[in-house]
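Read the structure below first, then the notes.
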Amino acid sequence: MRGERFLLIFSLILLCSFSAKKPGPSDKKATKETVRLFRSLFELQNKGIMYGHQDDLMYGSTWWYEKERSDTKDFTGDYPAVAGFELGHLELGHERSLDSVSFTEIKEQIKTHYKRGGVITISWHPDNPLTMQQPDVRSRRQGGTAWDVSSKEVVASILPGGRNHELFNTWMERLALFFADLKDEKGKPVPVIFRPWHEHSGSFFWWGTTICTDEEYAALWRYTVTFLRDKKGLHNILYAYNTDRVTSLEQYMRGYPGDDIIDMLSLDMYDRGAQFGPELDNALGFVTAEAIKRNKLTALSETGGRRGMEKWWSSVLLPVVSKYPVGYVLTWRHAYRPGFKMAGAPLKPFPDDFMVFYNSPGSLFLKEVQEANLYKRK
Ligand code: BMA
């Protein structure tokens, strides 16, 4: 009798621990640090919004690669919680990105930011593998680049069976080598959030919504992840699905490759006018609800203020993002402009109103995520 009761209690405990499945990466072999990052971010997105900045650790409009420097730190005294990096032209075997940034230096800064306890996110604007081979390519504006949308055959041409499949595999090999090189001092892989094939709902990249079919887009995603994760054994990557502005969940999910591939549901939306606030509110509402339902992370992975609007951070962005469990908000790069430096009167890296966002209890910069110990907790 006692034995039976013991067995019953034991199986109940076992059942409970199985059904209360903890949210975690889609990669079942994700490294310990990657699992911890996922879980920390999943919790943190209910507590506040991390600030992220693209190429923050690489340059600002008046300076170029000074190791400890950051526009965010210059302005607020703290680094961003999330550091964004770009891999465009890595696929070509170049030493520098399409923005002239050295890939060796990018790797250094990724490791440094990881050591500090920050989060790393990586974007990729690869050239157009089909049109780049055309003889007259450079005579066209954006010819051969990620923005070249002159052919609708591109995605089909790089998938298995397509005539550019082998070329694409050499690109993927280079990408895999880069990720494999991201190791800390003890040789352990550095976890990163990778956001390729971004802004699918728009039609300004060769993987855009009217440039390939939803099936091709999903297949491209699945090929990318299975290549890196299963073929190359890389288990330090969280994958972010991403669209540009959308007005419905149905539009957002077009081409979604599946929960076994994706870790984060993210959105890019720039403020182009008065409709932005309500549109962002609507989109973040359904994107974050869907993400939570699926046990996925969330982000407003690219945004930017309205031209000429002084209090954008405090009066437009903050009130909307505070309503939802958004993991991070990232603003895009401060492109280096040698002319600004020569003029002797450098522009301020951020508007004064950015400090209102910084000082808000809801925003998280590096010091706050250091306290949360993203990679070390259980
Ligand atoms: C774009 C612009 C480009 C840049 C690209 C990749 O949005 O900032 O100038 O080359 O991102 O970083």
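The values are calculated or read from the model by the stated rules, or taken from the named source; none is laboratory data. What you see is a predicted model; the values in this text were computed from it and never measured. So basically every Cβ, Gly included, is an ideal-geometry build from the backbone, and we count neighbours across all protein chains shown. These accessible areas exclude ligands, DNA and RNA; they are computed on the full protein's heavy atoms, side chains included. Shrake-Rupley method; radii C 1.70, N 1.55, O 1.52, S 1.80 Å.
Counting only DSSP beta bridges with both residues in the chain, the antiparallel share comes to about 15 percent.
Which values of log₁₀ I(q)/I(0), to two decimal places, follow from the Debye formula for the chain at q = 0.12 Å⁻¹ with a uniform point scatterer at every Cα? Rounded to two decimals, the profile gives -0.93. For the stretch 185-238, the list of trypsin sites (Lys or Arg not before Pro) that fall in a loop by DSSP and count at most 13 other C-beta atoms within 10 angstrom reads Lys186.
Greater than 32 Å separation of Cα atoms is the criterion. Which listed pairs, Lys29/Lys293; Lys186/Lys323; Lys32/Lys348; Lys107/Lys293, meet it? As for pairs spanning more than 32 Å Cα to Cα, those are Lys186/Lys323; Lys32/Lys348; Lys107/Lys293. Comparing mean-square fluctuations of Asp259, Asp214, Asp268 from a GNM of the chain with C-alpha springs under 10 Å, the top value falls on Asp259.
Roughly to the nearest percent, how much of the accessible area of the chain is carbon and sulfur, given a 1.4 Å probe? Provide the component values of the computation, followed by the final result.
Values: 9380 of 17070 Å².
Here it works out to 55 percent.
For the stretch 37-158, report the translational diffusion coefficient in µm²/s to the nearest whole number, using Stokes-Einstein at 4 °C, 1.567 mPa s, and a Kirkwood Rh over Cα pairs. It diffuses with D of about 79 µm²/s by this estimate. Think of the stretch 101-238 as having a plus end and a minus end, set by charges on the Cβ of Lys, Arg, Asp and Glu; of Gln134, Val190, Phe227, Val190 sits farthest toward the positive end of this dipole.
Normalising the Debye intensity of the stretch 249-352 to I(0), with uniform scatterers on Cα atoms only, and taking log10 at q = 0.12, 0.24 Å⁻¹ returns -0.50, -1.33. Among complete DSSP H helices in the chain, those whose alpha-carbon atoms stretch at least 15 Å along the helix's long axis and whose mean Kyte-Doolittle hydropathy reaches 0.5 are 2-19. Once the chain from Lys367 to Lys348 is taken as fully extended at 0.36 nm per residue, the excess over their C-alpha distance is 4.6 nm.
Computed from Cα atoms alone, the Kirkwood hydrodynamic radius reported for the stretch 59-121 is 12.5 Å.
Of all the Cα-Cα pairs you can form in the stretch 119-222, what percent are over 15 Å apart?
Percentage above 15 Å: 66.
This model, with +1 at the C-beta of Lys and Arg and -1 at the C-beta of Asp and Glu, gives the stretch 144-259 a dipole about its Cα centre of some 320 debye.
A DSSP coil position with no more than 13 other Cβ atoms inside 10 Å describes the following GluC sites (Glu not before Pro) in the stretch 139-232: Glu185. Secondary-structure-derived ellipticity at 222 nm for the chain, considering helices only, amounts to -10000 deg cm²/dmol, per-run term -39500 (n - 2.57) for DSSP H runs with n ≥ 4.
Around the amide H of Ile193, modelled in the peptide plane, lie the amide H atoms of Ile120, Thr121, Ile122, Leu238, all under 5 Å away and 5 or more residues distant in sequence or on another chain. Computed over protein heavy atoms with a 1.4 Å probe, the accessible surface of the stretch 240-373 works out to 45 Å² per residue.
Applying 1/(1 + (r/R0)^6) with R0 = 22 Å to the Cβ-Cβ distance of Ser100 and Asn169 gives a FRET efficiency near 0.25. Normalised by residue count, the stretch 147-189 yields a Cα convex hull volume of 87 Å³ per residue.
Pairs spanning more than 19 Å between alpha-carbon atoms, out of Lys22/Lys376; Lys22/Lys231; Lys47/Lys73: Lys22/Lys231; Lys47/Lys73. Estimated at 0.36 nm per residue, the fully extended path between Asn359 and Glu185 surpasses their Cα-Cα distance by 59.3 nm.
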